[in-house]
Structures are given as C-alpha cells and as structure tokens.
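Reading through the structure tokens given below for one structure.
Nothing in this text is a laboratory measurement; each read-out follows from the coordinates by a stated rule. Computed from a prediction, not measured in an experiment: that's the story for all the values here. Neighbour counts run over all protein chains shown; Cβ positions are idealised from the backbone, glycine included.
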Amino acid sequence: MLKIIILLLLIISPSFAYLDPGTGSMLLYFIMGVIATFIYFIKGVYYKVKAFILGGKIDKGLRDLEGIDILFYSEGGNYWNVFLPVIEALETMQIKSAYYTASTDDPGLETSFQFLRSRFIGNDLSAFTLLNHIKVKVMVMTTPQLDIMHLKRSKYVNHYVHLIHAPTDALIYKKFAFDYFDSVMCSGLHQIESIRLLEIKRNLPVKVLFKTGLTYYDVMSKNKEKYLKEKDKIVVLIAPTWGSNGMLEKFDITFIKVLLDEDYEVILRPHPQMYVSQKELMTGIEKELKVYTNLTIDTNISGEESMGKADILISDVSGIIFDFMFVFEKPVVVIESKLEKGGLEAEDVEKEIWESMMIRKHTISVNHDSIISLPEIIRDTLVSENIIDMRKIRDESLFNFAIAGNVAAKQIIEIIGR
Amino acid sequence: MHTLYMVFIYPLEFLMQSILEFSYAITDNYGWAIIILSIVVNIILLPLYYMAERWKFKDQIIQSKMKIEISNIKRHYKGQERHFYIQTIYRRYAYHPLSSVKASVGFLIQIPFFFAAFHLLSNFEPLNGVVFGILKDLGAADHLLYDINILPIIMTLVNLLSAYIYIEFLSKSEKVQLFALAFIFLIVLYSESSGLLLYWTMNNIFSLFKNIIEKKLNLGTSLRTKMGSIFVKKSWMNIERFNQAYHMLIVPQWFIIFLFILTLDRIFHFNLDKGNLLFGYESIVLFLYINILFFLHYASNTVHINRSFFSFILLLFVAVLILIIDTVFGIFNLFSLKYLQENTIIILLTIFLFLTIRIGVSKAIFLEKTYTSYRLFIVTFISLFLLFLLVNPILLYGDGEDFLLTYKDFIPKSLLGLLMGLGIVSFIYSISSKNLRVLFTLLGVYILSLSILYSFVLVKDYGLMDHFVFIDTSSTLFVTTSQKYLEVVLLLVFFVLLAFVLRYYKAIIEKILIMVLLMLLSFSIINSGFNEKDNKEVGNTEELRAFQNELNTTLAFSKDKNVLIFLLDAYSGGDLEKVLKERKDIFKNYEGFVRYRNVATIGTNTWSSIHSMFGGRQFTNGAMNSRDSVSLQEKIKKAYHILSNAFIPKEWDLTFFHPAYSVDIDKKVNIPKFNYGNYYLGNKKKINDSEIKNFEAIMLLKLSLFKIVPFFRKDSVYNNGNWGLKNAAKRKKLKGISSKISHWALLNILEESLTTNSRHKTLKYLHLQMPHYPNIIDKNGETEGPSSVYIESYKSLEKIGEILLSLKKKKVYDQTKIIIVSDHGTVNRENTNFPKSFNLAPNTRYGYRMQNGYINPILLIKDFDTSGAIKTSDRLMSNSDVPVVICSVLENGCDIDDIDPIKNDLNRTLDVFTSKYNGMSANEIEIIMHYQVKENIFDIKNWKRIK
C-alpha cells in the first residue's frame, strides 16, 4: 500500500523525481512516521477523553489530607487483611493514617481505630481522578502498575510504596508492575532479586526495596488455631485455579470421584472467578458430585477455615499453595501445570520463576498419568510427613513471619523521616 | 496553490535564480552556471542532509531496541492496555512516534528546493538555444543519439551507481524501492530540457561523490555497525565530527558571505562608473546591511567582552539615542541635523550602532554562557523587524500607490530603525531574568509566525486602494464578531501549540527561523533599490539643468505635426454632460472638436483599460489572456511599445507623462521624472517634500502593520479611511501627497510655457490623475480649498481649454491633433444620457464597477486643421480606439489590427471588462466581469453579459 502511495506521489508531482537514494528512503520513513504518529496520537486522545469523561470531579475534602502523612489505598475488602496489621501497629504508635478503599463493603470502613480515617472513594475512574491528584507524603498500596494505566503518580505525593500482598515472584506480575514506585515492601529475597534484574534491564532508577514480609500472614497465623480441629477422616482440600490452565478444565473430575470413593473427606474450593467465567463447568460438576456426602464445596471469601481443616492440599499453580505451606505448615500436591510467561515481567528477564522452583523442590508433583493414583500418593505423603521441613523453607523464603505489620509500620515511618 | 508557491517556493527559486544569474555573470555560459548552481545548492543542502540522516539513524536505533518489547506486548495485549504499555516503553526510551517524523524534517526542508529547481529550470527562457558542449540546446531535450535522449540515461546510470553504494546498508525492500525510484526518475525526466537534466545529473554526481566519500571514511559503516551497541551516543561521534567540518561551510556563515558578495555586486554593477561609491546611497545601505550580517555572525559565535568598554559604548549609545530623539521630536533642539550632511550622520550612527550591537550581543552571550538561546531570540527579532520595516513596505511600495518617497529615502531609515531596534531588544534581553528571556523569545517567535502567516498566507483581498483609502467600501472590509471570536480562539490555540513545540523542538525551530531570516534578508538586499531611478528633486544646479532639459522636451511642440493626448483618469461621461450644460463658456476654446457621447469603456478600472489605450484591442484583458506564450509583464510591455515602435523610426519625439504600471518603456521615449509640483508651486508656495515623505514612510509602516495584524485587530489599524492619524492637519497631508499636484502643475506649466521649438514632430501622451480621487483642486485652481469630482472635472477641461488657447496663440493649434479621453468613469456619477431604469449589474463587491458612472468614459477628438464650435457625435466608440486614432496620423499606421472607426462605418460589438490587479507577477489578468455592447450603449437591450 505504501509503495502505491509513493508511486502515486511520484507520478502526480514530477518534482518528486528530484530524489536521490538517501532522500528516497527518507520519504518512505516520513510517511510511515506520520501514519504511526497519527494513530498513536488518536488513541492517546481517545483514552484521555474517556478517562476525563468518566473521571468526574475531585472531592477536595478527600484530596487534602491535612495532618495525615500516610495514605493506604485498597482496591477492595479482600485486601483488608494486608493493611490491617500495619494499621494496628500505627494505632499503637499513635500515628495518624488514612485508608481509602474502592469498595463499599470493605471491613476497613467499620473499624474503631482512633488514628485512622477510612473512606470509600468510588469504584470507577473517579477514584483514579482523585488519587492522581491526591496530596499526601506517603502513599501505600497493593495495586501494581502505578503510572502505567489510569492510576498515575500524583505530583503532590512524595513517596509511593507498593506493599506486596503475595509471596509470589515479582516476575509473574503483568508488565511494569513496580517500575514507577519509589519503594517496594517485599516479602522475600526472590522478589528483591527479580526487581533488581528488571531495574538493570530497563535502566530504571534504583528503588528502595524493604525486607518486610507478608502482613496478612500476621492475621492468618493468629486465626490458625481456631480451625485446627480433631477429626476422624483425612481431609483433602482441592483448590483449583480458574481459566483454561485450571485442573478442572484440563482433566475430567474422575480424580475427585476416586478420592471420594476412597472415603476421604474432600473440600472443593474453586477459585471465586470460576463461578463467573466458567459457570457451566461449575454447575455440571456440582450436579455430578451431588450424591457424595463426604464432599463440601467451599465458597467463602476466606479460605482459612478450609485450610485449617485440611490435612493436605491439591492445587495447581496458585497462591494458596504457599499460604498452606507457610502458615498451616502442611504438605501440598501440585497437579502438573506450566507457568506461562507471556505478557508477564518474566518475559524480560532470564531467571527461573520462584514458584516453579518451589513447586519443583518442595511439593509433590502429579502428572496427568498418575492422577488416578492420587489416593495412594496422599496416603504416602501424610505418612512420611516429616520429610519436608516447612518452617525451614518458610524462613528461607519469607521475611518477618507473623510480625510483618509492625515491621512495615516502622519502615513507613522511616520513609516519612527521610 | 499560488500562495503556497509564493511562500515556500518562490523565495528559493528567486535565490536559485540569483545564484544562476550570478554564476552566469562570472562564466558567461549557462551550462557552467547550471553546474555551479547545482554545486552551491548541494553544499547548502549537505548539512541538512546529514542532519536528517543522523536523526533518522538515531530514531532507527531506538526503534530497533524497542522492537522486541513492543512485539511481545502486541502479542499478549490489546486495546487500552496495549496502548498504555507501549506508552510506557516510549517513555522509558524517551521516544515519541513524532520523532520519526522529526527524522524526516531535514528531508522536508529539501522538498521546496526540488520544486524550486524544477520550476526554475524547466521553463527558463534564457536557456533556449544555448549551446553547451555537445548539448545543442539547453532549453530542449538533448536528442544526442538520433532521437534518443542520452542525458537522462547518464543521469540514471549515475543514480544507480550512487544507489548501489548507498544500499549496502539497507534492507532488501529498501533496495528495491531505490532502484524503482531511479527508474521512475528516468521516465519522468526523460523528455525534460537538457538544462534541467544537466542540473539533475550534476546533483546525482554530487550525491555519488558524497556516498563514495562517506564510504571511504567508513562513516556509514561505523555508524551502522554500532547501531546495535548499547551506547548509542558513541556511534554518532563520527558523524558529529563530520558534521562539524561541514558546519564551517554552511548557513548562516556561508550565506552571509554570499549576501555580502551579492550586495557588493549590486553596488559595483550600478555605481562604479558614477564615482560616488564611498558616500553614495548604496554604500550607506551596504554599511547597514553589513551590520545586520555581523549581528547574525556574532549571534552564532561566542565573544568576550570588556566591561568598561561596554559602559563607555553604552554612554555613547545613549548620547546618540538622545540626539536622534531630539532630532525627530525637536524637544531640546540641541543639535540640528540640517547643518550636517545626512549621509555623514548615517555613517557615524552606523559605526556607533555597530559597536553597540557588538557589545550588546556579547553581553547577552556573556550572561547566557551558551549562545543558542540568544541566537533564537535575535534571529526571531531580526526577521520580525525585517518583515515589518523592509519586506512588507517594499512589497507594498511596488503595489500600485504613487509615492513621492523613494527607496533611497526609506530604506536607510528602515535599516537604521531595524538596527536600533535590535540594539534595544538585545540590551533588554541582556538585563532580563532567565524566565523573561524565555518569554520574550516565545512572544517574538509567536508574533513572527503570525506576521508571516498574515503577510503571505492569510491574505485577504481588500481590493484596490487609492491614496491609502480602500476604494471598495461596499464590501465588508473586516470580519464579523463571530469570526473574531473564532480567530482569537485559534490564535490562542496556536500560541499554546507554539509554546509546546518551542519547548521540545527548539533546535528545529531555530533552524527553520534561520532559513526564514535568510530568505527575508536576501529579498531585502535584492530589492533595496540599488538600481532605482527616482523622481529627482530639483536641488542643486546640476539637477536643475537636468530638469530644465526634461522640461524643454516636455513643453516643446513642433510647427509641423503634433499629437496631444490628455488621459483624464476616472472622468465619467455623465460629468462631461453636466459640464457641457453648466459651463458652456469653457468650450469656446474647443474649436474643431468632436465630442463622442456614445462611448463604452474597454475597462472599468485603470488596470483593465490602460493597456488597450496604449496598444489597441490586441491588449484588452481578454485578448492578453488568450495569448499565454509570454508573461503578463511582457505583454504589457508590448502594449507600451506599439506607439514608440511606429513613431520613433519616423523621427517623432514621444513623451509619456506618468505612464501607469512601471514597465520597461522604450528608452527613447521622454518620461518626465521630476516632480513638477515642486517646481511650479515652489515659486508660489513651498510644498514641504520631506514632510510628505515622512508621512508616506509612516503610511508604509501602517500598511505593513495592517498586513501583519490578525483580522480581528485590523480595524484598529485602519478604520473607514482613517489610519489612526489623529489630527486634521495630517488628513490634509494625506490629500497633499497626491501626485495630482504634479499633474496640475504640468497643465499650468504647459499653458504658461509651452514652446514651438521642437525640431521633431511630437506625440505627448499625458496620463493625469484628474478628476481621480482625492480631489484637491478647488474652483480657483488652488490645491488646498474644498474640491470635488465635479469641480476637478470642469477645472481640468477649463485648464486644457487654456492650453488650447496657448497653442492657438503659438500658431500650432491646427498642426496638433488632440484627444481628450478617460480610461473609465467613477463611482456614483449621474449621467442623464442613461434612462433612469438603466442598471447593468447589481451593486455588489465588483458589480458597482458596471454602474452608469463607470461604463461611459469621455472622448473628445480634434483632428488637424479643423475649426468651428464643438460638435457632438453618437457614433459608437470605445476609449480603446485611441491608439488607432493616433496611428492614423502615420501613413502606414502602427502594428495594430484595429480599424479606424471614425473613417469607417463599423457595425461592431465592444468589450467591457472589470478585472483585478494581482501584481505583475501573475500569469494572467483576473477578469471579474465581461460585457459586450453594440449600437447604443444607453439602451440596456444592447448589453450582453459574457462573464
């Protein structure tokens, strides 16, 4: 097409014939450049206009946090346990902070903390409009990709902190997850390594990387005792992840039936997203397994109760594996699955993803052929329980287990002090 | 399209033509001139070429680095997410897709050069028939081998070879494109003139050598092999060094030298033989230009300064400033310039200014540490001042109005003003804070861009102007309120855009502005009137003698035969009717005259009629447009040569008084140059010429300002005939500036002093601005009292009557054929010959030109040896019959096709045109309306609209 345009240009205007080889290639270059720029420009304008229209007005009362230096931003109630230990620690130190959430049913909105101001700021683009102009010294959040998508850095914020809310590798995040934060509160050494590699690769300024730990483990480890109950049967927790990679999609459910037939107590805890995007599959499974009385389907927001009850976890690659190992210190069986790097940070760095390493070293892997023999595998694993020293692995992979909230609070205060 | 050409191509073409003609002057051979042109243009383009190459490679390097990341993102994401991710990558590499366009800016700058070369050389008349080596005719295709053109083939071979060397670095598809391009050139240029092909072949040879040298120096290879390396900057080092070497050869330094040589050349060319090189006008202008050139030069070089010297010069400058202010406004009368030679003062001022500027500049540079910002600032302001003080006034000066003021009066003043302005802005700049400097620069660039935009691109046609008043009052001169608001908004948007562009693309803007400045500068230098022939003032005895000589010729009649034509501009037939009724006494002197009543004008303004009144109906607007072989200027020139070609060989003395539109007229024709008003009224009443000239200079600047300002502010410059001149005295001067005084004086001088001592037969064609607006001749024949079109109508005929009496007294009346004619009528004149209902065209923008007042001009003819009271004839006549009537005096007539309508009964149809003056450079006359009339013009049935 371009060639035709150039040819036309040449024929229409004979003066274009005054082109030497260098100039000729420049002409081509110019036309391509103009077209590319035009498309890029139009797109940019479109998204900006969209954000502007949907963005709404800024509530000045929400924007100016006078007297408060710390703002926590949460995308919703499921992150409350991530922030809670930090907020508790600040409360005991009598330091004021604010908690803005994008969800109305966030438990953070109904607390009795004296030094916390919690507010709902909307769950659409208007929340971003506010946050993009917010005035505060330090902003702490679990949302990645600052300054990439609609959530931009505000001119009036001195320091942006990302509070990591999963033990997973930084490389399994989507692109540019931490690039424009000033600091990241990491849960383990593997995250620090990955982030540094990305910094070098992308020639980014060096961030402050804190050895913080996982704050929600503070909460989880406290609650753990509640659920540890005596029982007569072996309890198996099956927690598949959603999407085409999940085991329920990949394999038929015969392996669950085998477990149920062997008289194991089975808790099936599908990923909440499965009821949204794979509804048909779920209703089919529920119908098929209805006859079994030794099966429970867990749809609670928190999986803690199920994890407490279970003796062993069967999962694919999912965050729950590490909660089960680190907090509940119980063994995990992982059904064969592969981590896709496509579109993720891992794509840009030559490094084995931490999850892959952990699964390879510290879990029992089951592949497609041996899935039918799960009952035996589980029995063997539980018998030889002591082989895997969960605490040792935890100490290697995680900072400040069960006290991360306090550490994080001190680190935030350190940032303000700078 | 024409405007685009005028703005972008014409200046370059002009420059190229100057180089070509300059080279021709040196080599006396157009072949070599074309080769020199090619080399010069290529040297000028070379840095642009390298700049563009460098940008392009820089862009390519970044793109190749981003490529993998972007393709990964494109594979996994789409829509908004993809866009935001790609945006992030661009941010990290500090890349903008526009930078690939920026990489092509250098190329874009070259395009106008291509067009200019094509436009210049494909139709360059002097090339016709020029032999160069084996080329038999540079103006035609070469046909070297039978009918085959060899030059295009050589050109293509060179092109292919050049491409072969260049493509080593290119991808396959790019290679194919280049070969395809070479092939297309061959087809497109195959049958073009060999001059053009010579130029283009030379370009390709130049390009070939460039590529070979590049390759020898391993410039390209080193650049491209390092493309993949991480530290991009290092790979540019080579080209940077190369570029520096070329930088010595280029804009603006080279251009400065070129302009300097051009200026010198002009001066030598016109002045060497006069022996007044040192203190003449040209040397002053040269001094001033050198100052501007040095300004440019200093702006692009770092200079050290001496502070104490600076303060000394500053004091001197202040002293000079006070002196000038005092002289202009006469506050203290400390020093009267009258007692000093004006030229000496100018030279002294120049020296002071030169030093001041030098110091001002170096001071600014000193404070700045880097000179780039000051350069942008000063380049902007030189351009702005040049445009306002020189370029626009020169363009306006050439555009019709009659000026007492000459180039020699206003160009030194403008240049001086320019230099003072520069000194002042530089000084302000040097004492401003950094933010203010940025602001000044931004404002300067903004005002300059707008000025250029409004001067050359957004030109609204306000119709003709008559003595600084727009004739056309029927159309809305200015914009409506909603248009005003729209314009203001657009201008604000433009300002914001400019601020943005200036912030990120300062270097490019700077280079573009330097180009603009050089264009303006070369235009000013070329048009500084070095070869101008002015209206000479009667001053010293030498000039007085020259004037006396001229007067002798102008006033002398032959006892043998004379033809005397009075062309009374804008005399309406209706007014003649009225004068005939009310002032019968006037016509007692008009013995033997026939007054033609049924006359249709050939055109309804001077521009549409005058050519055929000199050359007959071969030179009506329509006839001239139908001949497209030569330029408009050539055609008009021919019209003015019809009479001289026929009469001069028969030993007639010809005098053309005040011929309209300055074209080349036969050198043997006497064209009075002196201001007769000065001479005639000088005895009775002193006309202060310098006051008029000052006024005219101010008017030129006002017009320039009017051109520059946005539409919504134009009415604050000009409002309903008022140019913001406050008192009535100045309005009077506005009238006083009319060349009419000179014309009225001529009639008086003729009456009082005509002689009969011409040895040759005489033909006098007197074009008089009477009763043309503005009207200043009162009923007593004075130039100050109340007047009107009608008063001037009868005063002019009365005065002519007195001249007739003088002719009778001197006994040459019977030997003189006299024609009194007008080129058209004027607006709102009653004419009782037309029925009340007669209305040819609606009273619109141009329609009013077809009103009764316009279409019926006057025509009175007296042949040799006639007598008796004035008679009236209803024979259908046209004012374009004048040439044939004149030529009937000669036995063989002139080289015109017209048939004498008086001696023959013709059943004819006459044309009437209204056309627009678009300047001489237009290709043809723009006809607005065209009518035809037959038999009786006073009957509307006989009129037919053609266009």
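Using +1 on the beta carbon of Lys and Arg, -1 on that of Asp and Glu, and nothing else charged, what's the dipole of the range A:177-320 about the Cα centre, debye to 20?
460 debye
How much net charge surrounds A:Ala102 when only the other residues with a Cβ under 15 Å from the Cβ of A:Ala102 are counted, with Lys and Arg +1 and Asp and Glu -1?
With Lys, Arg at +1 and Asp, Glu at -1, the net is -4.
Size descriptors for the range A:351-418 (Cα atoms only): Rg and Dmax, in that order, 18.7, 58 Å.
Largest first, the three principal axis extents of the alpha carbons in the range B:764-889 are 50, 38, 24 Å in whole numbers. Take every pair of alpha-carbon atoms less than 8 Å apart whose residues are at least six positions apart; their mean separation over the length of the range B:799-947 yields a relative contact order of 20 percent.
The residue list A:Asn300, A:Ile371, A:Ile413 was ranked by how far each Cα lies along the charge dipole of the range A:269-418 toward its positive end, using unit charges on Cβ atoms, and A:Ile413 comes out on top.
When you count the other C-beta atoms within 10 angstrom of each residue and take the mean per peptide, B:496-505, B:597-606, B:56-65 line up highest first as B:597-606, B:56-65, B:496-505. Taking Cα centre as origin and charging only the Cβ of basic (Lys, Arg, +1) and acidic (Asp, Glu, -1) residues, the dipole magnitude of chain A rounds to 1800 debye. For the segment B:741-750, counting C-beta atoms of other chains within 10 Å of every residue's C-beta and taking the mean gives 0. Its Cα centre serving as origin, the range A:280-348 has a Cβ charge dipole (Lys and Arg +1, Asp and Glu -1) of approximately 320 debye. Per-residue extension of 0.36 nm, minus the Cα-Cα distance of B:Lys810 and B:Leu491, leaves a gain of 108.0 nm for this segment.
With the simple spin-label model, which puts each label point 7 Å out from Cα in the Cβ direction, the B:Ala546 to A:Phe115 separation comes to 9.9 nm.
How do B:Asp778, B:Asp823, B:Asp911 line up, fewest other C-beta atoms within 10 Å first?
Ranked by crowding around the Cβ, least crowded first: B:Asp778, B:Asp911, B:Asp823.
Counting only other chain Cβ atoms within 10 Å of each residue's Cβ, the peptide B:84-91 averages 5. Entry for the range A:280-362 at q = 0.24 Å⁻¹: log10 I(q)/I(0) = -1.20, Debye formula applied to identical alpha-carbon scatterers, no solvent contribution.
Could you rank the peptides B:924-933, A:57-66 by their average count of other C-beta atoms within 10 Å per residue, with the highest value first?
The packing order, highest mean first, is B:924-933, A:57-66.
Each of B:Ile586, B:Asn549, B:Ser572 was scored by the projection of its Cα onto the charge dipole of the range B:541-592, and the greatest displacement toward the positive side belongs to B:Ile586; charges sit on the C-beta of Lys, Arg, Asp and Glu.
Compute the relative contact order of the range A:203-314 as a whole-number percentage, counting only Cα pairs closer than 8 Å that sit 6 or more residues apart in sequence.
Dividing the mean separation by the residue count of the range A:203-314 yields 37 percent.
Pairs of C-alpha atoms in the range A:240-337 farther apart than 22 Å represent 25 percent of all such pairs.
Where only DSSP H runs of four or more residues are counted, chain A gives -12500 deg cm²/dmol as its mean residue ellipticity at 222 nm, each run worth -39500 (n - 2.57).
A dipole drawn for the range B:817-872 from +1 and -1 charges on Cβ atoms has a positive end, and of B:Gly847, B:Pro857, B:Gly868 the residue lying farthest that way is B:Gly847.
Find out how many positive minus negative residues lie around A:Glu305, taking Lys and Arg as positive, Asp and Glu as negative, among other residues whose Cβ is under 9 Å from that of A:Glu305. So the environment of A:Glu305 carries a net charge of 0.
Normalised by 2.2 N^0.38 Å, where N is the number of residues, the alpha-carbon radius of gyration of chain A equals 1.20. For peptide A:35-48, the mean count of partner chain Cβ atoms within 10 Å of a residue's Cβ comes to 3.
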